[in-house]
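Below is one structure, written out as structure tokens; comments come after it.
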Amino acid sequence: MSVRIGINPITWTNDDVPELGGDTPLEVCLAETREAGYLGTELGGKFPRDSAVLGPILARYDLRLVGGWWDGRILEREVDEEFETLLPHLTLHRDLGAPRVVYADTSRGRHGGIWDPISKRPMLADDEWAAYGRKVTALAEKMAGFGVGMAFHHHMGTIVESDAEVDRLMEVTGPAVGLLYDTGHSAFSGGDPVALVSRHVGRIVHVHCKDTRPDMLARARRDDMSFMQAVLDGIFTVPGDGSVDYATILRRLHDGGYEGWLVVEAEQDPRKANPLTYATLGYRNLAALAKAAGFAVETRQGVQP
């Protein structure tokens, strides 16, 4: 099995809190992405959304589009309405060869909630799950018919946050709903990233790789901190620089037949964590860990054993 390593531009610029790297030009982000060794990037707020504009920019830096975040509202909208809203985003992905949309359902609020205590977040009632699963599945099937898959992102502060909620989502949805597995969000939610990947490796279509600093993780959960304050205080770091067991996780992914992108997405305060330094560290650590797990890692020079 082979994998490609990409990165999310949140390493340089945080779209939720623009003062974190908001003055960093897109050109710096892309040049340093390539310099650090990555083959691709996810979308960020500074990226043009016209494929005729973005395609040549990415080509200038020899980068591929990996995918991009979407603030989903499928709980609150009908399937056709959500699909129509998604259509420009899907078209950009299809035009530029990005295989999947990073789909997070932010229904019932998220963005204002990033500063709220982590205990105060939306949840689904037990009797809502079955209908919700049918809607998510129908949307994912429409997306697949268009040519772009769904990678459903479990995320802090959303209705699918905890490992148990990921389990429930996988139970009530069909195979068109791929899982975006995020090590850092599993850990921050109080879950077990190794157990989660072991249960759902067959549904995982995209992987976000962020590590957690154990002391900060314990403090954030003990003190019921907000998601964003925990980020500012350094809960996340790049793979291999924290306490997540990437050696085991990557072996489980390899043995489960995973092929695709491994994406470093480790939001930090760029004033404290130099983006190029951490992007380079993350690439080197993740490439080494992936190779040790048995993956062939694709590089610009070819696939490395």
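Below, the figures for the structure above:
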{"read-out": "Close pairs from segment 198-215: first closer than 20 Å to Val264 by Cβ and at pLDDT 95 or above, partner small (Gly, Ala, Ser) and not in a loop (DSSP other than H, G, I, E, B), Cβ under 6 Å, at least 6 apart", "value": "Val205/Ala151; Val205/Gly178; His206/Ala151; Lys210/Gly184; Thr212/Gly184; Thr212/Ala187"}
{"read-out": "Tally, over segment 203-219, of residues that are over 30 Å from Val3 (Cβ atoms) and in contact with a helix residue (DSSP H, G or I) (Cβ under 9 Å, 6 or more places away or on another chain)", "value": "1"}
{"read-out": "Segment 278-291 residues that are part of a helix (DSSP H, G or I) and among the aromatic types (Phe, Trp, Tyr), paired with ones that are surrounded by fewer than 21 Cβ atoms within 10 Å (Cβ to Cβ) and at pLDDT 95 or above (beta carbon under 7 Å, 6 or more apart)", "value": "Tyr283/Gly37"}
{"read-out": "Pairs where the first residue, in segment 103-114, is modelled with pLDDT of 90 or more and the second is surrounded by fewer than 20 Cβ atoms within 10 Å (Cβ to Cβ) and basic (Lys, Arg), C-beta under 8 Å, 6+ apart", "value": "Asp105/Arg73; Thr106/Arg73; Ser107/Arg73"}
{"read-out": "Selected residue (only one of Gly147, Gly242, Gly157, Gly190 is in contact with a helix residue (DSSP H, G or I) (Cβ under 8 Å, 6 or more places away or on another chain), at positive phi, free of Cβ contacts under 8 Å to residues at least 40 places away in the same chain and small (Gly, Ala, Ser))", "value": "Gly190"}
{"read-out": "Unmet requirement for Asp192, which otherwise passes all of (1) surrounded by 18 or more Cβ atoms within 10 Å (Cβ to Cβ); (2) within 18 Å of the chain's Cα centre (by Cα)", "value": "(1)"}
{"read-out": "Test: residue in segment 211-233 that is closer than 20 Å to Pro117 by Cα, within 16 Å of the chain's Cα centre (by Cα) and in a strand (DSSP E or B)", "value": "yes"}
{"read-out": "Filter pass, Ser198 being touching a His at 6+ places or on another chain (Cβ under 9 Å) and assigned to a helix (DSSP H, G or I)", "value": "no"}
{"read-out": "For Val303: the one exception among (1) in contact with a Ser or Thr (Cβ under 6 Å, 6 or more places away or on another chain); (2) within 21 Å of Leu20 (Cβ to Cβ); (3) of a type in the set (Val, Ile, Thr)", "value": "(2)"}
{"read-out": "Answer from Arg100, Arg121, Arg94 - the residue that is modelled with pLDDT under 95 and either of a type in the set (Gly, Ala, Ser) or closer than 23 Å to Glu265 by Cα (or both)", "value": "Arg121"}
{"read-out": "Residue list for segment 35-44, restricted to those being within 24 Å of His89 (Cα to Cα) and not in a strand (DSSP E or B)", "value": "Tyr38, Leu39, Leu43, Gly44"}
{"read-out": "Residues of segment 216-231 classified as more than 29 Å from Val172 (Cα to Cα), in contact (Cβ under 8 Å) with a residue 24 or more places away in the chain and surrounded by fewer than 18 Cβ atoms within 10 Å (Cβ to Cβ), total", "value": "2"}
{"read-out": "Filtered residues of segment 75-108 (kept if within 25 Å of Val263 (Cβ to Cβ), acidic (Asp, Glu) and touching a Lys or Arg at 6+ places or on another chain (Cβ under 9 Å))", "value": "Glu82, Asp105"}
{"read-out": "Exclusive hit being under 19 Å from Leu39 (Cβ atoms), in a strand (DSSP E or B), touching a residue at least 12 places away in the same chain (Cβ under 8 Å) and more than 21 Å from the chain's Cα centre (by Cα), set Val263, Val303, Val297", "value": "Val303"}
{"read-out": "Candidate set: segment 234-257, residues that are among the hydroxyl-bearing types (Ser, Thr, Tyr) and not in a helix (DSSP H, G or I); chosen: the one surrounded by the most Cβ atoms within 10 Å (Cβ to Cβ)", "value": "Thr237"}
{"read-out": "Residue pairs meeting the criteria (Cβ under 6 Å; at least 6 apart or on separate chains; first closer than 28 Å to Thr106 by Cα and touching a residue at least 60 places away in the same chain (Cβ under 8 Å), in segment 45-74; second in a helix (DSSP H, G or I) and among the aliphatic types (A, V, I, L, M))", "value": "Ile74/Val136; Ile74/Leu139"}
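Residues are listed down the side, and each one gets a yes or a no for (1) more than 22 Å from Pro270 (Cα to Cα); (2) in a loop (DSSP other than H, G, I, E, B); (3) over 17 Å from the mean Cα position of the chain (by Cα):
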residue	(1), (2), (3)
Arg4	yes, no, no
Ile10	no, no, no
Asp23	no, yes, yes
Arg49	yes, yes, yes
Thr85	yes, no, yes
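The values are calculated or read from the model by the stated rules, or taken from the named source; none is laboratory data. In this text the structure is predicted, and so the values were computed from the model without any measurement. Glycine gets a Cβ as well: all are built from the backbone with ideal geometry, and neighbour counts include every protein chain shown.
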